[in-house]
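The values are calculated or read from the model by the stated rules, or taken from the named source; none is laboratory data. If you're wondering where the values come from, they're calculated on a predicted model, not measured in any experiment. Heads up, the Cβs are rebuilt from the backbone with ideal geometry, glycines too, and the neighbour counts pull from every protein chain shown.
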Amino acid sequence: MLSPASYKPNGSSDIRLLRGKLVLRFTVILAFILTTTGCGIINSIKLRNSNDHLKPLWPTGIQTVGIETHYLGEKPYIDVTLNGVDGFKFLVDTGASVTIVMDTPKINALGLTRGYDLAMAGWGEEEKSPAYQTQVDTLSLSGIGFTNVNLAFLPTSTTKYFLDPSEAIYDGVIGHDIMHHFSWLFDKKANRIAISQTPHTPSDEAIEIPFDTFFSKIDIEGKIDFGNGQTISHKIIIDTGSRHYLKVASALIDNEGIVLPGKPITAADFGLSGRDVHQRVTLPSLSLGELKLTNIKTNLIGGDFEDDFSVIGSALLNQFVSVIDYHREKLYLIPYSDQPFKTKYNLLGLELRKLVSGNFIVRFVFPDMVTAHQDFQEGDLITSINGKPSQQISLADWLNLSASPDTYTICRLRQQELCVTLTSGQIEGYSIPVSSAKPTISSTPSL
């Protein structure tokens, strides 16, 4: 594949080819960003440009501040103050072009004014999410403030991202329009997120990877090893709002004639355009600068153009202390001394989201997994696992449980409650190499 960042033209025909690739990339990302941030070109540009005036107000003598931090599963959240009211929980999302609020009870209490209409889109194969523009007088992060901030207001009841509005256990999303003013430090192990108004000074052990900013997305050059001598250099977007490791466009696989390794499984992901049912595989390696990571669980996401959808998410980034320095346009990854890189697999096959009530809701049942042989379906509430109420099980707990082969009793509520005892196991060619496959999965229902 020709990469616009690395290809060197040789003659007029090659120059025309390069220009064509650049125009295609520009067109694809422009189309994606326009649909992500607005309803058509006019409203998109209006919303994106409306925050060009923003400048953070720093107290004298302060260079760096920590922000109240929450990691829910793999995703990073911080406390945000809006119009002088504290305690709003926002996802920190480098993949979002604009900052978003949702119609949670706390946001509704602000009485924000409705502006022009928007239609927001992203991952998914269903439909765009209706939204509209609004504005807050002030937005601050641990006292670092902005004034007259324009936002996208996303009603939870009309977006396919949610099946149930009570999945909105947070109030909004911090996007590129706020993020690009700072250097951001993420340290999941220490439960710490901090921002700085000065460039980051890397330690000796930090791995430095330059990134480009293009239409409010930041991307790095990566080398993806598909096995059997199939290695491709490709632009990869940094997306802290994604809870996954690596996403690659299925169009890239098709266009390059790549033969995938191992055993693919069917799963689902969700974005502002709803559900995307896709395949997941384990790829031999991903190289980012001098860093090489092996056995990478990869989502093969649908898309019309190969340059559109390749992403690294927080499940990968969180295995390092990561710094996203917008001042220098550098990503720094600092390895934890006692934590080698490791991929987790959902071996139970339930895609779960937390609800405000504390229960889980089933968003998808993997057809290749053990739960597909039992009576689980989208919309079921998971009320307990191994006798422990869901209210006492965090998203991080669930990710660990689902990745651990064992016997589990899972209780679900539809019209009636049903408890099922089943045993999960490794999947050869996916979660483990074929040569080390273990005995297969079994399941036994119980009431």
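Brief remarks on what is shown
- Residue match in region 167-179 (condition: farther than 21 Å from W58 by Cα, modelled with pLDDT under 95, in contact with a helix residue (DSSP H, G or I) (Cβ under 9 Å, 6 or more places away or on another chain) and not assigned by TED's automatic domain parsing to the domain that holds K247): no
- Unique match (being crowded, with 16+ Cβ neighbours inside 10 Å, in contact with a Phe, Trp or Tyr (Cβ under 8 Å, 6 or more places away or on another chain) and modelled with pLDDT of 95 or more) among I78, I29, I33, I67: I78
- Count - residues of region 312-345 that are touching a Leu at 6+ places or on another chain (Cβ under 8 Å) and over 16 Å from T240 (Cα atoms): 2
- Residue check, T266 modelled with pLDDT of 95 or more, more than 30 Å from I174 (Cα to Cα) and surrounded by fewer than 22 Cβ atoms within 10 Å (Cβ to Cβ): yes
- Subset of region 176-193 [buried (at least 20 other Cβ atoms within 10 Å of the Cβ) and assigned to a loop (DSSP other than H, G, I, E, B)]: F182, K188
- Pair list, Cβ under 7 Å, 6 or more apart: region 110-122 residue within 24 Å of K217 (Cα to Cα), other residue among the small types (G, A, S) and in a loop (DSSP other than H, G, I, E, B): L118/G38; A121/S273; G122/S273
- Tally of residues being part of a strand (DSSP E or B) and over 21 Å from F341 (Cβ atoms) across region 194-209: 3
- Filter result for L300 (outside the structural domain of R192 (by TED's automatic domain parsing), buried (at least 19 other Cβ atoms within 10 Å of the Cβ) and either among the acidic types (D, E) or touching a helix residue (DSSP H, G or I) at 6+ places or on another chain (Cβ under 9 Å) (or both)): yes
- Test: R280 is in contact with a Lys or Arg (Cβ under 8 Å, 6 or more places away or on another chain), basic (K, R) and modelled with pLDDT of 95 or more: yes
- Among the residues of region 152-187, those that are of a type in the set (D, E, K, R) and either without any contact (Cβ under 8 Å) to a residue 40 or more places away in the chain or within 17 Å of Q133 (Cα to Cα) (or both) comprise D171, D177.
- Condition met for L347 (touching a helix residue (DSSP H, G or I) at 6+ places or on another chain (Cβ under 7 Å), buried (at least 21 other Cβ atoms within 10 Å of the Cβ) and assigned to a loop (DSSP other than H, G, I, E, B)): yes
- Strands (runs of 3 or more DSSP E) (entirely within region 120-175) containing at least 1 residues that are among the hydroxyl-bearing types (S, T, Y) and over 19 Å from the mean Cα position of the chain (by Cα): 129-141, 144-154
- Top-ranked residue of region 366-380 - restricted to ones that are surrounded by fewer than 18 Cβ atoms within 10 Å (Cβ to Cβ) and closer than 25 Å to G271 by Cα, ranked as modelled with the lowest pLDDT: D368
- Checked against (1) β-branched (V, I, T); (2) in contact (Cβ under 8 Å) with a residue 24 or more places away in the chain; (3) not in a strand (DSSP E or B), I45 passes all but a single condition, namely (2).
- On the stretch given as region 86-119, residues that are more than 29 Å from S183 (Cα to Cα), outside any loop (DSSP other than H, G, I, E, B) and among the charged types (D, E, K, R) total 1.
- Some residue of region 118-134 being in contact with a Cys (Cβ under 7 Å, 6 or more places away or on another chain) and farther than 24 Å from Y71 by Cβ: yes
- Selected residue (only one of K342, K292, K330 is within 25 Å of P433 (Cβ to Cβ), surrounded by fewer than 21 Cβ atoms within 10 Å (Cβ to Cβ) and touching a strand residue (DSSP E or B) at 6+ places or on another chain (Cβ under 8 Å)): K292
- Scope region 259-289; condition farther than 27 Å from T213 by Cβ and out of contact with any strand residue (DSSP E or B) (no Cβ under 8 Å at 6 or more places or on another chain); matching residues: V259, G274
- Criterion: of a type in the set (A, V, I, L, M, F, W, C), in contact with an Asp or Glu (Cβ under 6 Å, 6 or more places away or on another chain) and touching a residue at least 60 places away in the same chain (Cβ under 8 Å) - qualifying residue of V370, V321: V321
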